[in-house]
Structures are given as C-alpha cells and as structure tokens.
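Notes for the one structure printed next.
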Amino acid sequence: MALMSCTQMTEMPDADGLPYDEYDRVVMVIPSCEFDECPQTKNEVLLSSGIKYVWSEKDTVGIFPTSGSQLYFSMASGAGEQSASFDGGGWALKKGADYFSYFPFVADFYIDKTAIPLRFSGQTQTGNGDPSHAYLGNYCYMAAKGEYDEATKALYFNYQRLGVLFRLMIPVSAGSYSSIKVDARKDIIAEKGTYNVMAADQVIYNPEFTDAVDLELCDLTLDSHGTLVAFILLPPFDLSTGQLTLQIEREDGTIHLASVAGKAYSLGKTYNIAPNLSASLNSTLIEGSGGTAVLEIVSDGSSEYSVSSDSDWLQLDSQNGSGNASIVLTAATNDGPKRTAEITVSETVNGVSLKNVFTLTQDVNGMDVGVGDWEQGEIEDGVAD
C-alpha cells in the first residue's frame, strides 16, 4: 500500500552555491499490514488479507538528511486515501544525499534522529471497531531510508512499521463499554522508548516495560450479546510461554475477562485476538447474612469450559458448559471472619490451558468492626463509649 507524497520543489543553493538537482517527486510507501496465521473465527467481522491504512488531513512526515536538522512535509491533498500529496513548503532534497523519513512527525527542530520518542499508552477508540480500516494516527510509528529510482525520477521511502496491530474480537454481553486492558501478566511490553530513524533494523531503545496497556473506549454500546471489536497498536513482544488476558470494563463497573494462548508477536504483523468466551461476575461481594452472585459466560460455543471454586463455603449450581450460561454462586451465613474465594473459568484451546480468575468476598454476619471505627471513643470490655 503506497502513500504518495508529491512535493513542491524550489531551486535552492546547496552549501557550495550550486542549485539542488531536484527530485520529480517523493513517494512514501507503507508495507501491507498482513494477518498472521491466526484463523479469523468471528464471521461477522471477516476481512480480506490485510488492513487498509489511510492518510488523515493533518498528517505530517519528518525527513532527515544524514547530517543536519529535520525537514517536514505536510498534507496537501488526499485525506482519507492511501495516496496523498504532501507540500514541502519550499524544501528541496538533493540527489546523491541520504535521507531518512519517519512518521508521526515530532515538532522539535533539534530532535535527535537517533532517539525519536514513541509510546503506546493513551490509545482510544470510538464506537465498535470498523473492520474496513484501522487508522491509529499517533501510534503508527514508521521509519525508512530514501531510495532513488532513476526510471521514475522519484525518491522512495519504503516504511518499516515499529508496531504490531492487534484486532480484538471478544464475545461479550449487552452493555456500554469503557476500556480494555491488554495484559501479558509480566513486564515484557515496551510501553515507551525511542527509535533511531537511520537504523537498518528498527528496534526500541531505552524501553520502559509494563505488563499491560489500556485502550479507552468511547460511545461503544452493544444492545445484545455480540462481538466487541477493537484495534490497538503495541510493540512486538514474546509471550510464547503464557496467555494474553483481556480485561474489558463496562461503564457500570462490571469486568469481563477473556484470554487466548500467547505467542511471539512479530513486527509489522496483524494478529486476530479472538477468545472463545468471556466471563463476568455481577458482584464481587456477598453479604455476611448469605446471598448469591451470578457468573455470566458469553461463549461462541466452540470449546468446553469448566468453573470451579477454591472454597467449600461457596456453592456453584453448574460447573461445565460450552455455550452462554448464567451460573449462580451461593453462600450461606458467615459467622466467622471475612472470607474470600477464587472462582476460576478454565478452558483448553488447541492443547493450551487458559484460566480466568475472579475473587469473591463475603462479609462477616453482623457488624464488621475494625480498629479505625473506634477512634472517637474508648474500648472497654468490647464496648465503645
């Protein structure tokens, strides 16, 4: 997929007082964003072999010579298209010199081309994901070295992406959703760092690692059970020996958990993250006098799952299934101290065991008194003045 930048050149003297031998045009080329081998299991959002990237109206690219400060080229026309014209604003590029380009542009005249900042936190999405394209603007980090083509009289920048595109396709219940946390469960995701625009093989330098990155969701409501579709860009990371967990939060505070087997996520690829099920607990607290909570499972029915509790005080009315379910968790009166139980939803997918774990707490039956409750009085024989 090519993003074309036809610059407006003017004749400017070089350091020796000679005019620049200008290029006829400058062409920006983005590599196709191909899916990996992960099957596309959600029929309602099937795509072709890749994601279409388009330019936005205010896009700007930066171009560095081998030595010296950066130039910038801004959008002239072509917003919403893969091919767009950029205006260099009078800047000219000299044949025979080496140039390096990057995107998105950083408006700092003195920026170090060997340490351009990048970060993957702060991403947002409005509405349920549109499967026809995914434009992620300020997080689509790319870099390239210019290559002159004599036949076309053009300088080509064949960009290399520094990120990995994840398409999340999660079965969830009806509701309005506010965020998704993509969690590797260990600090292996480079949330921020720098990159060198002149490097042949792009890597992230001075990385600051985290275990999870959040995607904020805006105006995303499902009226019934369905598939939540979201896109997020992350750096490449290796999760070959673990599971990738998605924590999806509704606006009412309810948390859905879903997971897939992890793998090594490679630079420039697109990955379908399509859990077979998600689970949510309608309450994380049961009163001391007894009561119930409901574990809701939304499943595409493609795999069997089991539900278990690590505590005998909590009874489950169902423990196995393969489709949508509402499992009632019942606790009797608690006459002892406050207690907790872990509820685990387990499934095996392609020989890999996946687990989503919830914690349920039951209060003490009657008044639950802590030391802080007695601050205004004196304790004598268990009675507060």
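Nothing in this text is a laboratory measurement; each read-out follows from the coordinates by a stated rule. This is a predicted model, so every value here is computed, not measured. Positions of Cβ are generated from backbone atoms using ideal geometry, with glycine treated the same way; all protein chains shown enter the neighbour counts.
Observations on the model:
- Cα pair distances exceeding 19 angstrom across segment 194-265, given as percent: 52 percent
- Note on segment 317-366: percent of Cα-Cα distances in each 5 Å bin, starting at 0 and stopping at the bin with the largest distance, equals 4, 15, 21, 21, 15, 11, 7, 4, 2, 0.
- Legend: ranking of residues Met198, Met169, Met28 from fewest to most surrounding C-beta atoms inside 10 Å; resulting order Met198, Met169, Met28.
- Where only alpha carbons of segment 237-360 are counted, the Rg and the Dmax (Å): 16.1, 57
- With a Förster radius of 51 Å applied to the C-beta separation of Asp223 and Asp149, the computed FRET efficiency comes to 0.45.
- The distance linking segment 107-172 with segment 250-317 is 33 Å (Cα centroid to Cα centroid, whole angstrom).
- Above-threshold pairs, the threshold being 22 Å between Cα atoms, out of Lys95/Lys269; Lys58/Lys269; Lys192/Lys355; Lys263/Lys355; Lys269/Lys355: Lys95/Lys269; Lys58/Lys269; Lys192/Lys355; Lys269/Lys355
- Electrostatic bookkeeping for Gly175 treats Lys and Arg as +1 and Asp and Glu as -1; over the other residues with beta carbon under 11 Å from its beta carbon, the sum is -4.
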